[in-house]
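Worksheet for the structure shown next.
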Amino acid sequence: MGSLEPQVATAGTGAPVTDGFHLVIDALKLNGIDTIFGLPGIPITDLTRMAQAAGMRVISFRHEQNAGNAAAIAGFMTQKPGICLTVSAPGFLNGLTALANATTNCFPMILISGSSEREIVDLQQGDYEEMDQLAIARPLAKAAFRVLHAGDIGVGIARAIRAALSGRPGGVYLDLPAKLFAQTMDAEAGNKSLIKVVDPAPKQIPGADAVKRAVDLLKGAKKPLIVLGKGAAYAQADAEIRSFIEKTGIPYLPMSMAKGLLPDSHEQSAAPARSYVLAEADVVMLVGARLNWLLSHGKGKTWGGKDHKDWG
């Protein structure tokens, strides 16, 4: 793990110590995260500087919303949470739109923001940029965590990564008060406190009965259709999806975020006849897609009118 050298020594013993800055960076690197998107400022300026010194890429933007959106799409493309780093209060608020967008669209992303001190915020004593950021972020995130002690940084980042990736991916908020970065602890203990997330998104294999039922439905269909959504693209299972479609001979309809899984010129692509195939299909298999507004929620004239299809 030790990508950064401890900066000071424990008084009286000469034993090396580490601090919150280094623990955050080492925890991210331990989990294979090598890029930070953000807009540096107090109290995270030193964090970005040290991250660069440790070999991480820091991509700076002029607005936190843009940094957050870049982090979210990086997460979608790499299957690792994109990291957006902001200052407290206004910087945090600017990043919230991107956080909400990542949560809604199932992009793995972690918004990490500096914040004011809890003992002052909780008593409403008027700290610099005082704001209960954790409470504000919770409704917009898949999960939200706050770390108060340097020894818990490893746990906090590990939980954020696991939450962002497990099940349906989404946006996670991690609150790091300013005092946390200056906290020091024994370097060896700090190293042991870091956690490498293993299998954060365990595969859920459907039961044999469910698979048989789906196969029977497709076999009995006269006009089957496969709809590919962004979940299919996120899975990076291009070869498996193509093999299934070509072996079954079933036409497929790619949603916008699934473009490129198969070429638009593929003979089974139903994209040019979208309205027709949705209305005419008697069995539709969704692969990484949801029946949301883009698919008229699976009802109405888009799907052939009332009672045209049964729910499976």
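The values are calculated or read from the model by the stated rules, or taken from the named source; none is laboratory data. All values derive from a computational prediction rather than experimental measurement. All Cβ positions, glycine included, derive from the backbone under ideal geometry; neighbour counts span all protein chains shown.
Of everything in the stretch 201-250 that's in the same structural domain as Asn292 (by TED's automatic domain parsing) and among the basic types (Lys, Arg), which residue is farthest from Leu291 (Cα to Cα)?
Across the stretch 201-250, the extreme among qualifying residues is Lys247.
Report, by residue number, each residue of the stretch 65-95 that is under 18 Å from Arg138 (Cα atoms), in contact with a strand residue (DSSP E or B) (Cβ under 8 Å, 6 or more places away or on another chain) and in a helix (DSSP H, G or I).
Gly68, Ala72, Gly91, Phe92, Asn94, Gly95
Anything in the stretch 58-89 that is among the charged types (D, E, K, R) and closer than 17 Å to Ile157 by Cβ? List them, or say none.
Hit for the stretch 58-89 is Lys80, nothing else.
With the stretch 96-166 as the region, which helices (runs of 4 or more DSSP H) entirely inside it contain at least 2 residues that are under 21 Å from Ala201 (Cα atoms) and either touching a helix residue (DSSP H, G or I) at 6+ places or on another chain (Cβ under 7 Å) or not assigned by TED's automatic domain parsing to the domain that holds Asp46 (or both)?
Correct list: 153-165.
Of the residues that sit in the stretch 51-64 and are surrounded by fewer than 24 Cβ atoms within 10 Å (Cβ to Cβ) and of a type in the set (D, E, K, R), which one is farthest from Arg138 (Cα to Cα)?
Filtering the stretch 51-64 for residues that are surrounded by fewer than 24 Cβ atoms within 10 Å (Cβ to Cβ) and of a type in the set (D, E, K, R), the one farthest from Arg138 (Cα to Cα) comes out as Arg57.
Pairs under 9 Å by beta carbon, first residue in contact (Cβ under 8 Å) with a residue 60 or more places away in the chain in the stretch 205-218, partner assigned to a helix (DSSP H, G or I) and not acidic (Asp, Glu), six or more apart or different chains?
Pairs that qualify, where the first residue is in contact (Cβ under 8 Å) with a residue 60 or more places away in the chain and the partner is assigned to a helix (DSSP H, G or I) and not acidic (Asp, Glu), are Leu218/Thr248.
Being of a type in the set (A, V, I, L, M, F, W, C) and without any contact (Cβ under 8 Å) to a residue 40 or more places away in the chain is true for just one of Ala135, Ala187, Ala232, Ala221. Which residue is that?
Ala135
Could you pull out every one of the helices (runs of 4 or more DSSP H) wholly within the stretch 228-283 that has 3 or more residues that are buried (at least 18 other Cβ atoms within 10 Å of the Cβ)?
230-234
Condition test on Asp199, is it at pLDDT below 95 and either in contact with an Asp or Glu (Cβ under 9 Å, 6 or more places away or on another chain) or over 24 Å from Asn69 (Cβ atoms) (or both)?
Yes, satisfied.
Going residue by residue through the stretch 72-90, is there one that turns out to be of a type in the set (S, T, N, Q) and over 14 Å from the mean Cα position of the chain (by Cα)?
Yes, that holds for at least one residue.
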